[in-house]
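First comes the structure, then the notes that go with it.
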Amino acid sequence: MRAIDWRDDAVVIIDQTLLPERTTRVVVREPAQLVTEIRRLAIRGAMALGVAGAMGVALGAVRARERGADVLAAATDACALLAGARPTAINLAWGAQRALAAAPDGAAAVVAAALALRDADIAANRAIGRRGADLLDGARRVLTHCNTGALAAVEIGTAVGVIAELHRRRPLTMVYATETRPLLQGSRLTAWELGKAGLPHRILVDGAAAGLILAGEVDAVVVGADRIAANGDTANKVGTVAHALAAARAGIPFVVAAPEATFAATTYTGAEIPIEERHEDEVLFVGSRRVAPPGTRARNPGFDVTPADLITAVVTERRVLPLGRAVAGAAAR
Ligand code: MRU
């Protein structure tokens with residue numbers, strides 16, 4: 001079952017907020033409803049958001065055709081609505097714009113563009129997995145952050161795809177999945193995926209990662225990305241830069257695995273990447289229980305930026321782009 005797919009002129013997603021307890025499908029028929037699902041993270045992860053952007057525009061086009069309304073105008077409105085739903089993940093706007101480009105040819109062409117993007121995502125992730133595993137073939141104990149598996153894409157995923165491919169070639173001894181506060185994409189989603197795939201794994205609280213890395217218990221860190229600036233600075237789930245700093249100090253590879261679409265050509269440096277600030281209640285509450293004292297406020301940036309000079313390489317479906325931090329030794333070749 002895919003995290004996102006197109007069926008009977010509707011978008012079908014798995015509600016990721018309910019995982020791992022329940023696997024529930026949500027059928028979405030309107031662009032505005034899809035925006036709501038995206039904002040509450042029922043569908044999330046950079047590549048899945050790219051496909052959601054495209055399929056959301058397709059929803060707008062198809063509904064307009066059904067009403068006898070102007071398909072191009074409806075697709076344009078849907079694109080504007082979706083592109084702004086989450087500001088950091090560039091793939092969302094990219095996917096929406098790709099689908100919109102087909103709108104002058106009618107609703108069927110928009111749907112075809114969205115489905116082509118879905119299929120291209122699967123192929124891209126497969127290639128990223130292979131290239132990443134070539135690069136990190138000496139690593140047997142790998143750490144990852146947030147969720148970059150099939151749930152964050154259509155199939156396979158990016159950093160988790162690299163990890164799975166490494167394991168397929170030669171069994172890994174341990175995958176460390178950081179829990180990823182505040183919404184626990186690592187504990188809820190990555191651990192679920194790793195378990196289903198039969199990979200040896202442990203969850204770490206986010207703050208435990210640096211200590212394990214400095215103690216020599218991790219051979220490589222591999223993460224995904226939500227936006228990569230032209231200079232290689234990379235926005236990813238909040239907490240990522242701490243793992244990069246620890247990896248640099250320990251001299252182990254820190255690799256970003258992401259499709260080419262995650263590069264934002266007109267975002268020149270990390271300082272220009274808009275960081276999504278999410279609601280403070282995600283931090284102040286654990287589930288429905290408030291854990292902070294009454295009156296205490298929180299900041300809740302959803303992402304941070306890892307400077308290019310802390311990154312060993314970005315692996316995409318087309319290339320391995322070496323960045324600022326070369327690493328000698330067996331783990332990265
Ligand atoms: O807020 P989310 O759950 O959409 O976070 C995005 C992510 O899953 C990541 O930052 C991920 O590492 C990159 S997307 C494969």
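Rounded to the nearest 20 debye, what is the charge dipole size of the chain about its Cα centre when +1 sits on each Lys and Arg Cβ and -1 on each Asp and Glu Cβ?
Values: 38 positive and 34 negative charges, 147 e Å.
Computed about the Cα centre, the dipole is about 700 debye.
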note: region 155-262, Cα-Cα separations exceeding 17 Å make up a percent value of 54
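Hey, what did the chain get for relative contact order, percent, Cα under 8 Å, at least 6 apart? Intermediate values should be presented prior to the final figure.
Values: 778 pairs, mean separation 53.5, N = 333.
Relative contact order, the chain: 16 percent.
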Beta bridges per DSSP with both ends in region 177-320, % antiparallel, nearest 5
55
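Restricting things to alpha carbons, find the Rg to Rh ratio for region 3-64 using the Kirkwood radius for Rh. Show your work: numbers first, answer last.
Values: Rg = 10.8 Å, Rh = 11.4 Å.
Answer for region 3-64: 0.95.
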Give the long-range amide H neighbours of Arg278: residues separated by 5 or more places, or on another chain, with amide H under 5 Å away, using H modelled in the peptide plane at 1.01 Å from N.
Asn300, Gly302
Taking θ = phi - 60°, what integer Hz values does the Karplus form 6.51 cos²θ - 1.76 cosθ + 1.60 yield along region 265-270, in sequence order, with x for Gly and Pro?
4, 9, 9, 7, 9, x
Determine the relative contact order of region 250-333: mean sequence separation of Cα pairs under 8 Å and six or more apart, normalised by residue count, in whole percent.
39
Distance in nm between pseudo-label sites at Gln97 and Ala116 (7 Å out along the Cβ direction from Cα)
1.7
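Taking the Cβ-Cβ separation of Glu66 and Thr266 as r and a Förster radius of 56 Å, what is the calculated FRET efficiency to the nearest 0.05? Walk me through the intermediate numbers first.
Values: r = 35 Å, r/R0 = 0.63.
Between Glu66 and Thr266 the formula returns 0.95.
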How much accessible area per residue does region 114-244 have, counting only protein heavy atoms and a probe of 1.4 Å, in square angstrom?
32
Would you compute the Debye intensity of region 71-224 from its alpha-carbon atoms alone, equal scatterers and no solvent, and pass along log10 I(q)/I(0) at q = 0.09, 0.14, 0.15, 0.17 Å⁻¹ to two decimals?
-0.36, -0.74, -0.81, -0.94
Carbon + sulfur, % of accessible area of the chain - ligands and nucleic acids excluded, 1.4 Å:
55
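Can you compute the equivalent ellipsoid semi-axes for region 246-333, i.e. the square root of 5 times each eigenvalue of the Cα gyration tensor, sorted largest first and rounded to whole Å? The partial results should precede the final answer.
Values: eigenvalues 228, 62, 28 Å².
Sorted largest first and rounded, they come to 34, 18, 12 Å.
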Please list, in order along region 6-12, the HN-Hα scalar couplings obtained from phi with the Karplus expression 6.51 cos²θ - 1.76 cosθ + 1.60 (θ = phi - 60°), rounded to whole Hz, x for Gly and Pro.
10, 9, 6, 6, 9, 9, 10
Whole-Hz Karplus ³J(HN,Hα) for region 176-192, in order, using 6.51 cos²θ - 1.76 cosθ + 1.60 and θ = phi - 60°, x for Gly and Pro?
9, 10, 6, 5, 6, 5, x, 9, 6, 4, x, 5, 7, 9, 5, 4, 4
For region 24-107, what is the accessible area per residue in Å² when the probe is 1.4 Å?
36
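Reported to two decimal places, what Rg/Rh ratio describes the chain when computed on Cα atoms with Rh from the Kirkwood expression? Intermediate results must be reported in sequence, preceding the final value.
Working: Rg = 19.3 Å, Rh = 19.8 Å.
Rg/Rh: 0.97.
If you take every DSSP beta bridge fully contained in the chain, what fraction is antiparallel? Give it as a percent rounded to 5. Mind showing how you got there, number by number?
On the way: 20 of 37 bridges.
Around 55 percent of the beta bridges assigned by DSSP in the chain are antiparallel ones.
Which loop GluC sites (Glu not before Pro) in region 3-93, with loop taken from DSSP, have no more than 16 other Cβ atoms within 10 angstrom of their Cβ?
Details: sites: Glu21, Glu37, Glu66; in loops: Glu21.
Taking region 3-93 and a limit of 16 other Cβ atoms within 10 Å, the loop GluC sites (Glu not before Pro) found are Glu21.
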Please work out the Cα center distance from region 304-327 to region 164-212, rounded to the nearest Å.
21
May I ask you to derive the FRET efficiency for Asp8 and Gln33 from their Cβ-Cβ distance with R0 = 22 Å, giving the value to the nearest 0.05?
0.90
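Dipole magnitude of region 134-207 about its Cα centre, charges +1 at Lys/Arg Cβ and -1 at Asp/Glu Cβ only, in debye to the nearest 20?
Values: 9 positive and 7 negative charges, 51 e Å.
So the dipole magnitude of region 134-207 works out to roughly 240 debye.
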Amide H neighbours of Trp6 under 5 Å, counting only residues 5+ apart in sequence or on other chains, H built in-plane at 1.01 Å?
Val12
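The values are calculated or read from the model by the stated rules, or taken from the named source; none is laboratory data. Note that the structure is a prediction, hence the values are computed from the model and not measured. Methodologically, a virtual Cβ is constructed for each residue, glycine included, from the backbone with ideal geometry; neighbour enumeration extends over all protein chains shown. Quick note on the areas: whole protein, heavy atoms, side chains included, nothing else; ligands and nucleic acids left out. Shrake-Rupley method; radii C 1.70, N 1.55, O 1.52, S 1.80 Å.
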